[in-house]
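J.: Quick one: the structure is below, and I'll ask about it shortly.
Any read-out appearing in this document is the output of simple, stated calculations on the displayed coordinates, not a laboratory observation. Since we're looking at a predicted model, the values are computed, not measured. In this analysis, Cβ positions are derived from the backbone assuming ideal geometry, glycine residues included, and neighbour counts consider all displayed protein chains.
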């Protein structure tokens, strides 16, 4: 689920065999707004990469089984569907020769363990900005918003969005996971110099919820008491 290929909400494939490290990295990336799929070995990683197109791959070098991270990276570059997907190698191998080998075999960036989550997230943001380019389509969870055609869909179902609800959904989809106060939303959607009652935000949030949340669909708009609203697909 992504703002196309880049930005928070982007779908990342994390290939890491250490369960505790996998859990920690996944938790922090999801907290930052990314959607994360995980694999513990090279064969599983290639199968996942073939089933969906990740926005970015975080790849350990030393993996169990017959495929190393280098092998996985090389094979990703051979597959038409993943040839241009950015790969960041995250590995304990810290020698300069290892980094050169990783980059020569298709990695776009190389980070040695241990590294801080702040550093890792900064590298991910920089990589996604580099490859994303301008886009007219936003994606989050199963919602797609086409800014040119002014159309929205959820799970293939067309959304009947009024102009204000469309702008409101676009605002949230560009900043998934972040909580915004009613005052923040008023300024962003209606502008600072237009007098609109704060409760107007609640009215349009209700309208947006009614349209994007079908009978069997999870409510993706989270109400944060005394704080505001967020577009959020994390578990309750």
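J.: Which distance in nm do the two modelled labels at residue 223 and residue 112 give, with both placed 7 Å along the Cα-to-Cβ direction?
T.: 5.2
J.: Rounded to the nearest 500, what is the 222 nm mean residue ellipticity of the chain from helices alone, with -39500 (n - 2.57) per DSSP H run of 4+ residues and division by all residues?
T.: Per the formula, -12000 deg cm²/dmol.
J.: So, one more: Taking a temperature of 10 °C and a viscosity of 1.306 mPa s, what whole-number D in µm²/s does Stokes-Einstein yield for the chain with Rh from Kirkwood over alpha carbon pairs?
T.: The Stokes-Einstein estimate is 83 µm²/s.
J.: Also, I was wondering about something else. Please determine, in degrees from 0 to 90 and to the nearest 10, the orientation of helix 199-212 with respect to the longest principal axis defined by the Cα atoms of the chain, where the helix direction is its Cα long axis.
T.: Computed tilt is about 60 degrees.
J.: Ranked from highest to lowest mean number of other Cβ atoms within 10 Å per residue, what is the order of the peptides 120-128, 89-97?
T.: Final packing ranking: 120-128, 89-97.
J.: So for region 137-231, considering every pair of alpha-carbon atoms, how many percent are separated by more than 18 Å?
T.: Summing the P(r) of region 137-231 above 18 Å gives 42 percent of all pairs.
J.: From the P(r) of region 1-140, can you give the percent of Cα pairs sitting at distances over 21 Å?
T.: Everything past 21 Å amounts to 35 percent.
J.: Give me 184, 219 ranked fewest to most by other Cβ atoms within 10 Å of their Cβ, as a rough exposure proxy.
T.: 219, 184
J.: Continuing with the same structure: If I model a spin label at residue 136 and residue 66 as a point 7 Å from the Cα along the Cα→Cβ vector, what separation in nanometres do I get?
T.: It works out to 4.7 nm between the two label points.
J.: Give me 30, 197 sorted ascending by neighbouring Cβ count inside 10 Å, so fewest comes first.
T.: Ranking 30, 197 by Cβ neighbours within 10 Å, fewest first, gives 197, 30.
J.: Quickly rank 160-170, 108-118 as a protection proxy: mean count of other C-beta atoms within 10 Å, highest first.
T.: Taking the mean over residues of other Cβ atoms within 10 Å, the ranking is 160-170, 108-118.
J.: Where does each of 64-74, 221-231 land if you order them by average Cβ count within 10 Å, highest first?
T.: Top to bottom by mean Cβ count within 10 Å: 64-74, 221-231.
J.: Any chance you could run the full-extension gain for residue 148 through residue 101? It's 0.36 nm times the residue separation minus the Cα-Cα distance, nm to one decimal.
T.: Working it through step by step, the gained length comes to 12.7 nm.
J.: Using only Cα atoms and rounding to the nearest 10 degrees, what angle (0 to 90) does helix 117-132 make with the longest principal axis of the chain?
T.: Helix 117-132 and the main axis of the chain meet at about 80 degrees.
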